[in-house]
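A short write-up of the structure that comes next.
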Amino acid sequence: MREPLIVTIQINGQVEEGWEPVLRAFIHNFENQNEVGASVCVMHEGETKVDLWAGVVDYDDTPWQEDTMVVFHSATKGGVALAAHLLSDRGYLDLDAPVSEVWPEFATRGKEKVTNRMMLNHTAGVAAFREALPGKSALDWDYVCDRLAAEEPWWEPG
């Protein structure tokens, strides 16, 4: 029978009193979910309540630091959905209106009838760029918007 592997992870940062469940969940991810590196920061009413980091960044075991930069990918979807629904609820965004009402340049190459709702529920057909974005161009708002507007849908929107 093989002996279990015991790994010790140094957790760095601070947790305010009353926010210990976040620390326990953070530790749980390392102990039970095969996490190798992560950070979490919780702000409440303008104050930092939790600021934690631990583990490694890469295969070279570079330690995770307080200011380690990470790629978010899908982490913003919930916030965008919340903001869009608040705007809709308050009458500022019509979910069934064409995207072109607020972004005329988008209405090209088969995307003319794409609605805000389609963009939010991932049925607009614009799931990815057909060609990789060069270098750090993903950080250039205008470049990314121009490229997305010029894209042809991967499938028929809707």
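Values in this text are rule-based calculations from the coordinates and carry no lab data. Source: prediction; values computed, not measured. Here the Cβ positions follow ideal geometry from the backbone for every residue, glycine too, while neighbour counts run over all protein chains shown.
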Inset, instruction - Average the reciprocal distances over every distinct pair of alpha-carbons in the range 63-102, invert the result, and give the Kirkwood radius in Å. - result: 12.7 Å
Inset, instruction - Subtract the Cα-Cα distance of Leu86 and Asp51 from 0.36 nm times their separation in residues, and report this length gain in nm to one decimal. - result: 9.8 nm
Inset, instruction - Between Ile11 and Ser74, take the C-beta separation as r, use R0 = 25 Å, and let me know the FRET efficiency to the nearest 0.05. - result: 0.50
Legend entry - Rg to Rh quotient for the chain, alpha carbon positions, Kirkwood Rh: 1.09
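From largest to smallest, what semi-axes in whole angstrom does the range 11-70 give when each is the square root of 5 times an eigenvalue of its alpha carbon gyration tensor?
Listed largest to smallest, the semi-axes of the range 11-70 are 21, 14, 8 Å.
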Legend entry - On Cα atoms only, tilt of 141-150 relative to the major axis of the chain in degrees: 50 degrees
Legend entry - Projected area, mean over directions - the range 75-150, Cα convex hull, nm²: 5.5 nm²
Inset, instruction - Considering only lysines 8 or more places apart in sequence, or on different chains, count the pairs in the chain whose C-alpha atoms sit under 30 Å apart. - result: 5
Legend entry - Calculated [θ] (222 nm, deg cm²/dmol) that DSSP helices of n ≥ 4 give over the chain, each run adding -39,500 (n - 2.57): -7500 deg cm²/dmol
Inset, instruction - Name the longest site-free stretch of the chain, where the excluded sites are GluC sites (Glu not before Pro) in a DSSP loop with no more than 14 other beta-carbon atoms within 10 Å. - result: 67-111
